[in-house]
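The values are calculated or read from the model by the stated rules, or taken from the named source; none is laboratory data. Please read all numbers here as calculations on a predicted model, not as lab measurements. Cβ coordinates were reconstructed from backbone atoms using ideal geometry, including for glycine residues, and neighbour counts include every protein chain displayed.
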Amino acid sequence: MSSQLTEARYHDAKKIERRAEQIMTTWRELLALLDSHRLNLNTQSALMSNLRETDTVLGTVRDLHKGMCGDLNLSHLSQVEDLLSKHSLRESEVQSVGGAIARIQKRVDKLDTTSG
């Protein structure tokens, strides 16, 4: 619009053109702020996701710990076999927890490189 006023030789065309430039500069600054806020929100969202998963892993580890600290006074072979099968299942759970921890660590490392 300011270019049309300049072409029409409006007496305050330069003033309007300067104001239009100021508005465009402010608009670009706002867009840059929006991008910055979007990046911050995405980072915070990823961090919260990691914290939730870490809390889940911690709960699983606590449950595993409770299960492994049970009574070891076994008097029959069937009790020993049952305990061995339970420990085999727990070993699988521990490996699963290890995989979850590795995934969390990868995401944390990725966040660390993108934020720093």
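Does LEU72 meet the test of being surrounded by fewer than 11 Cβ atoms within 10 Å (Cβ to Cβ) and in a loop (DSSP other than H, G, I, E, B)? Taking the combined requirement at face value, the residue satisfies it. Within the stretch 8-29, can you find the residues that are among the basic types (Lys, Arg) and at pLDDT below 85? Across the stretch 8-29, the qualifying residues are ARG9, LYS14, LYS15. Give the residue, chosen from ASP55, ASP112, ASP35, ASP63, that is assigned to a helix (DSSP H, G or I) and either surrounded by 11 or more Cβ atoms within 10 Å (Cβ to Cβ) or in contact with a helix residue (DSSP H, G or I) (Cβ under 7 Å, 6 or more places away or on another chain) (or both). Of the residues listed, the single one that is assigned to a helix (DSSP H, G or I) and either surrounded by 11 or more Cβ atoms within 10 Å (Cβ to Cβ) or in contact with a helix residue (DSSP H, G or I) (Cβ under 7 Å, 6 or more places away or on another chain) (or both) is ASP63. Filtered by the rule that a residue be closer than 11 Å to THR60 by Cα and either among the hydrophobic types (A, V, I, L, M, F, W, C) or in contact with a Cys (Cβ under 6 Å, 6 or more places away or on another chain) (or both), the stretch 85-99 gives VAL94, VAL97.
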